[in-house]
1. Could you give the nm distance between label points at residue 32 and residue 94, where each point is 7 Å from its Cα heading toward the beta carbon?
2. Over the chain, what is the relative contact order in percent, taking alpha-carbon pairs closer than 8 angstrom and at least six residues apart?
3. In angstroms, what radius of gyration and Dmax does the range 2-103 have, counting Cα atoms only?
4. Just subtract the alpha-carbon distance of residue 21 and residue 3 from 0.36 nm times their residue separation and send over the number in nm, one decimal.
5. Mind giving me the FRET efficiency for residue 82 and residue 59? R0 is 30 Å, r the Cβ-Cβ distance, nearest 0.05 is fine.
C-alpha cells in the first residue's frame, strides 16, 4: 500500500513547480476538498438535496472516504518520509488510549 502512495507522491512532486511549502499546503487543502466530497455523497445518498434528490449511493460514499484516506496518506508521506512508522505509532497510541487491553491487536 505504501509503495502505491509513494508512487502518487512522486507523480505529484514531478508535476508541480511550486515551492515545497506551497506543495504541502495544497496537499493539505486537498484533504479538505476530498472531505467535502464525502459530505456531498452522503447528502446525495440520503436524498437530502432538493435539487438533486438521491444523487449518490452508499458505495459512492465509501469511494469518497477511500479518497480521503489515500489523500491523507499522501499528505503524511509528503510531510515525513517515515510516514508508515509515524502512522503505526499513532495508531498504537490510539489503540492504547481507546481500546480495552483485551481487544488491542
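The numbers here are math on the coordinates, done by the rules we state, and not lab data. This is a predicted model, so every value here is computed, not measured. Don't worry about glycine lacking a Cβ; one is built from the backbone with ideal geometry, like all the others, and counts go over all protein chains shown.
1. Computed distance between label sites residue 32 and residue 94 equals 2.2 nm.
2. 27 percent
3. Reported Rg and Dmax, both Å: 17.0, 49.
4. The span from residue 21 to residue 3 would gain 4.2 nm if fully extended.
5. Once the sixth-power term is evaluated, E becomes 0.30.
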